[in-house]
Every structure is written in C-alpha cells, then in structure tokens.
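Novice: Quick one: this structure, given as structure tokens, is what I'll be asking you about.
The values are calculated or read from the model by the stated rules, or taken from the named source; none is laboratory data. Everything quoted here is computed from the prediction, not taken from an experiment. Every residue, glycine as well, gets a Cβ built from its backbone with ideal geometry; the counts of neighbours run over all protein chains shown. For accessibility, only protein heavy atoms count, side chains too; no ligands or nucleic acids. Shrake-Rupley method; radii C 1.70, N 1.55, O 1.52, S 1.80 Å.
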Amino acid sequence: FQKALELKILVRDSSSIANTLNNIGNIKYNQEDFTEALEYYHQSLAMQESMQNHGGITRSLGNIALVYTEQKKYTEAIAFYKKAFKLNKIHDIKFLNYYNADGLADANLKLGKLDSARKYGLMANTGGQEINDPVIIAASSHVLGLLDMKIPNLNKAEQRLMQGMEVARKENLKPQLKNILETIYRLKKQQGKYKEALTYHEELYNLSDSLFNENLTKELTAREMNFAFQQERDSTQFAYEKETLALNSVIEQRDLWQKFTVAGLALVLLTLFVLYRFYVLKTRSNAQLKEKNSIISRSLEERESLIKEIHHRVKNNLQIISSLLNIQARFMQDELAKTALHGMQNRVLAMVMDHEYLYQTENLTHVYADEYIGKLSHYIQT
C-alpha cells in the first residue's frame, strides 16, 4: 500500500511538472520566442511519454508542430501533426484531432500539397461544426478559402471566407479575424471590387491597431504588476530584516547584562561588535535601497516610453482618418457635405496635434494651451 501511494504521488507530481513545462512553453510561444518554446515543449513531451499520458503527449506534439509552422519548417510540422493525429485516432480523442487536422491543412497548403490540404481542411471544418468549436471553424474556413482562391473558384472562396469571418466576429476571435480579413481584401482586389476591398482593408487596419494596442496594454499591465510585486516583496523583506535586527538587539542587550560582571573589557568589545554589525547592516541596506531606486527609475522610464509610443500610434491613426476624410471630400459634389467633411478633418487634425504635443514633450498629462492654440490657429488659416 505504501509503495502504491508513493507511486501515485510521484505520478501526480510528474504530471504537474509536465503541465508546468507546457505552460511555460505557451508563454514563450506567445512572446514569439520559438526556440525556448520548442525546448519546453520537448521537455514536457518527454515527461508525458514516460507517464504514458496520451492526452498530454498529443497536446505536446501539436504544440511542437505549431512552433515548426511558425518557423516555416512545414515538413517537420507535418511529421509531428501526423504523430499526434495517429495517437488521437487510436485513443479516440476527437477534438484534438480536429485541431491537428487544421494544422495539417495549413502546413500542406504552404507546401503546395493542395489535395492533402483540402482533405484535412474539410475534416477540420466538419469536425469543428460537429463539436461547435469556433476557433477550428474560423481557421479551417480560412484555409479552405485560400485553397479555392488557388483553383481558382473565387465565388466558393468568398463563401468559405465569409463563413469564417462571421464566426470570428461573433466569437471575437481577433487573430483569426485578422487573417481572414487579409485574405478577403486580396480576394476583392482579385475580383476587381476595389471599393469593397478598401472597406475590408480599413477594418483590417483598425483590427491590427487594436491588437497592437491590446498587446501593448498587456505588456504595460505585466510591467506594472511586476513592479507592484517587487515593491511588496521588498517591503516584506525589509520588515523581516528590521524585525530580525530588533530581535538580535534584544538578545545582545540581554547577554550584555548577563556578562556585565565578567569584565569591563568584554563589555567594551561587545559594544564595539554591536556597533560594527549595525554599521554593516545599515551600509548594506543603503546599497540595496539605492539599487532598488535605480530599478524603479528604469521601469518608470520604460513606461513613459511605451506611453509616448501609444500617443504616437494614436496620432498616426488619426492622420490616416484625416487623409480618408480628405480623399472622400475630393469626390463630393455637394458643397455642404464637403464643408462638413473638412470640418471633421480639422477636428481630427486638432486631436492629431494634441497627441503630437503629448509624445514630443516630457509632460505626458497636458499641453501648453497658448502654444497649442497658436499653432492650431496658424494651421487653420493656412
């Protein structure tokens, strides 16, 4: 019974370690550090194989194939997808195989193996609808749309891509929606429908900018959380050191009184030792405090740089909107509408100048009104 219990605890701990390695690999993958991600996925795979955890094995195989796809090593990706695919079929793990089928379709398409890509793409699309998984439906619809564009069967491609776009919009799957919008934009240009192509391109641009800002916000949030955690940890450590120092001082004073009768020389030596110890601790504490202040200053500088980059991005986006309004105004016949568009353009340009001031100056909270209004008035007059 004892051996069985020990074995159970060992398996549980090994499973936890394997999952942790896989999660670290996921973090590295999201950071686009594919070399590190691959290393962690392989470590997780080795542990899952030692435990014969079939679900964990196929998940690690699929993750490794995904990294190879990002590295454009499509032959290696297909090999790992097929290993996972075969194992899933043996153990009847359907939902993972639909993800693997989508990966196989994508890798085969990029290698130009269109028949294999269509086979796996249809399998993933049908399976995704069977288990009602929007990610699989959107991704496989995109692959099938790309295949139909190569035939070319543009009407069928449009139908596939629109299906994937609707699912991605409904479920707010921004990465999948971005890929589909890029392809629809190319399809509309290929069809000669340039006005519709421009509409999808504008949506794609806004979505790309939204994804950029979300990633930037996540990075800022992570930095702020790390900074707060560091402060809390340092505060706790400082309190502990202070309490330890106070306790040591009490002990030393008690020992001093106990040994007071021994000799005056011993008392002097002990007092000097206490003072020396206090001096060393204070010197060390000051050095640590100086280092921590330096870290905090660097973190604040990085945060200000990121905020300035956000203002810069916003300014660029507003300039694009202003250009679109200007283009639209050129094709307007109605003078009243054209005047309204120019008015809108001036308002947008006012915001452009506002954000330009914010990222060009050291103060990120406000602009100097007299200088800003003067420059804005000069621009309107010219």
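Novice: Scanning for something among the aliphatic types (A, V, I, L, M), over 22 Å from Gly127 (Cβ atoms) and either surrounded by 17 or more Cβ atoms within 10 Å (Cβ to Cβ) or out of contact with any Asp or Glu (no Cβ under 7 Å at 6 or more places or on another chain) (or both), does region 61-69 turn up at least one residue?
Specialist: Taking region 61-69 first, the residues among the aliphatic types (A, V, I, L, M) are 61, 64-67.
The next check asks that each one be over 22 Å from Gly127 (Cβ atoms); those that pass are 67.
Pick out the ones that are also either surrounded by 17 or more Cβ atoms within 10 Å (Cβ to Cβ) or out of contact with any Asp or Glu (no Cβ under 7 Å at 6 or more places or on another chain) (or both) and you get 67.
Yes: one or more hits.
Novice: Hey, another quick one. Please go through (1) under 23 Å from Leu96 (Cα atoms); (2) open to solvent by 30 Å² or more (accessible area, probe 1.4 Å); (3) modelled with pLDDT of 90 or more for Lys174 and return the number of the only condition it doesn't satisfy.
Specialist: (3)
Novice: Sticking with this one: Across region 16-60, what is the total count of residues that are in contact with a helix residue (DSSP H, G or I) (Cβ under 7 Å, 6 or more places away or on another chain), surrounded by fewer than 17 Cβ atoms within 10 Å (Cβ to Cβ) and aliphatic (A, V, I, L, M)?
Specialist: Number satisfying all stated conditions: 2.
Novice: Run Thr69 past the list (1) at pLDDT 85 or above; (2) of a type in the set (Ser, Thr, Tyr); (3) over 20 Å from Asn108 (Cα atoms) and report the number of the one that doesn't hold.
Specialist: In the conditions (1) at pLDDT 85 or above; (2) of a type in the set (Ser, Thr, Tyr); (3) over 20 Å from Asn108 (Cα atoms), Thr69 misses (3) alone.
Novice: Ala124 versus (1) surrounded by fewer than 16 Cβ atoms within 10 Å (Cβ to Cβ); (2) in contact with an Asp or Glu (Cβ under 7 Å, 6 or more places away or on another chain): which is the lone unmet condition?
Specialist: Every condition holds for Ala124 apart from (1).
Novice: Conditions first: (1) open to solvent by 20 Å² or more (accessible area, probe 1.4 Å); (2) at pLDDT below 85; (3) within 27 Å of the chain's Cα centre (by Cα). Asp234 passes all but one, so which condition is the exception?
Specialist: Exception for Asp234: condition (3).
Novice: Taking Arg303 as the residue in question, decide whether it is under 21 Å from the mean Cα position of the chain (by Cα) and modelled with pLDDT of 85 or more. Quick ask: steps written out before the conclusion?
Specialist: On the way: under 21 Å from the mean Cα position of the chain (by Cα): yes; modelled with pLDDT of 85 or more: no.
It is false that Arg303 is under 21 Å from the mean Cα position of the chain (by Cα) and modelled with pLDDT of 85 or more.
Novice: Let me ask something else about it. Output yes when any residue across region 258-276 is at pLDDT below 85 and closer than 30 Å to Asp209 by Cα, and no when none is.
Specialist: no
Novice: Right, here's the next one. If you scan region 46-65, which residues turn out to be in a helix (DSSP H, G or I), modelled with pLDDT under 90 and not small (Gly, Ala, Ser)?
Specialist: Scanning region 46-65 gives Met47, Gln48, Glu49, Met51, His54, Ile57, Thr58, Arg59.
Novice: Tally the residues that are open to solvent by 20 Å² or more (accessible area, probe 1.4 Å) and assigned to a helix (DSSP H, G or I), restricting the search to region 129-148. Explain how you work it out, then say what you get.
Specialist: Taking region 129-148 as the starting set, the residues that turn out to be open to solvent by 20 Å² or more (accessible area, probe 1.4 Å) are 129-135, 139, 142, 146.
Still in the list and also assigned to a helix (DSSP H, G or I): 129-130, 134-135, 139, 142, 146.
Qualifying residue count, region 129-148: 7.
Novice: Kindly evaluate Ser323 against the criterion of being farther than 14 Å from His355 by Cα, open to solvent by 50 Å² or more (accessible area, probe 1.4 Å) and hydroxyl-bearing (Ser, Thr, Tyr).
Specialist: Values: farther than 14 Å from His355 by Cα: yes; open to solvent by 50 Å² or more (accessible area, probe 1.4 Å): yes; hydroxyl-bearing (Ser, Thr, Tyr): yes.
It is true that Ser323 is farther than 14 Å from His355 by Cα, open to solvent by 50 Å² or more (accessible area, probe 1.4 Å) and hydroxyl-bearing (Ser, Thr, Tyr).
Novice: Moving on. Considering every residue within region 39-48, establish whether at least one is farther than 18 Å from Tyr98 by Cα, under 19 Å from the mean Cα position of the chain (by Cα) and not small (Gly, Ala, Ser). Please lay out each step first, then the result.
Specialist: Of region 39-48, the ones farther than 18 Å from Tyr98 by Cα are 39-48.
Within this subset, residues satisfying the condition of being under 19 Å from the mean Cα position of the chain (by Cα) are 40-41.
Now narrow it down to the ones that are not small (Gly, Ala, Ser): 40-41.
Among the residues of region 39-48, at least one is farther than 18 Å from Tyr98 by Cα, under 19 Å from the mean Cα position of the chain (by Cα) and not small (Gly, Ala, Ser), which makes the answer yes.
Novice: Scan region 149-168 residue by residue and report those that are of a type in the set (S, T, N, Q) and open to solvent by less than 70 Å² (accessible area, probe 1.4 Å). Walk me through it before giving the result.
Specialist: Within region 149-168, the first condition is being of a type in the set (S, T, N, Q), and the residues that meet it are 153, 155, 159, 163.
Of everything in region 149-168, those that are of a type in the set (S, T, N, Q) and open to solvent by less than 70 Å² (accessible area, probe 1.4 Å) turn out to be Asn153, Gln163.
Novice: Here's another thing I want to ask about it. Looking only at region 345-355, how many residues end up being modelled with pLDDT of 85 or more and open to solvent by 40 Å² or more (accessible area, probe 1.4 Å)?
Specialist: Quick first cut of region 345-355, residues modelled with pLDDT of 85 or more only: 347-348.
Filter once more, so that each one left must be open to solvent by 40 Å² or more (accessible area, probe 1.4 Å): 347.
Here the count works out to 1.
Novice: When the residues of region 87-111 are filtered to those that are outside any helix (DSSP H, G or I) and at pLDDT below 90, which remaining residue is nearest to Arg59 (Cα to Cα)? Walk me through it before giving the result.
Specialist: Initial filter on region 87-111 (outside any helix (DSSP H, G or I)): 92-93, 111.
Pick out the ones that are also at pLDDT below 90 and you get 92-93.
Details: Asp92: 14, Ile93: 11 Å.
In this case the residue turns out to be Ile93.
Novice: Go through region 111-121 residue by residue and tally those that are touching a Ser or Thr at 6+ places or on another chain (Cβ under 8 Å) and crowded, with 16+ Cβ neighbours inside 10 Å.
Specialist: Start the filter on region 111-121 by keeping residues that are touching a Ser or Thr at 6+ places or on another chain (Cβ under 8 Å), which leaves 111, 121.
Adding the requirement that they be crowded, with 16+ Cβ neighbours inside 10 Å leaves 121.
Of the residues in that region, 1 qualify.
Novice: Condition (residue is over 28 Å from Lys189 (Cβ atoms), among the charged types (D, E, K, R) and modelled with pLDDT of 90 or more) applied to region 141-157: is it met by at least one residue? Explain how you work it out, then say what you get.
Specialist: Taking region 141-157 and keeping what is over 28 Å from Lys189 (Cβ atoms), we get none.
No - not one qualifying residue is present in region 141-157.
Novice: Out of the residues in region 263-316 that are of a type in the set (Ser, Thr, Tyr) and closer than 30 Å to Met351 by Cβ, which is most open to solvent (accessible area, probe 1.4 Å)? Walk me through how you get there before you give the answer.
Specialist: The first filter runs over region 263-316 and keeps only residues of a type in the set (Ser, Thr, Tyr), leaving 271, 276, 279, 283, 285, 294, 297, 299, 305.
Going one step further and asking which of them are closer than 30 Å to Met351 by Cβ, we end up with 299, 305.
Values: Ser299: 43, Ser305: 73 Å².
Among those that are of a type in the set (Ser, Thr, Tyr) and closer than 30 Å to Met351 by Cβ, it is Ser305.
Novice: Can you find even one residue in region 330-344 that is at negative phi, surrounded by 12 or more Cβ atoms within 10 Å (Cβ to Cβ), part of a loop (DSSP other than H, G, I, E, B) and at pLDDT 80 or above?
Specialist: Scanning region 330-344 turns up at least one residue that is at negative phi, surrounded by 12 or more Cβ atoms within 10 Å (Cβ to Cβ), part of a loop (DSSP other than H, G, I, E, B) and at pLDDT 80 or above.
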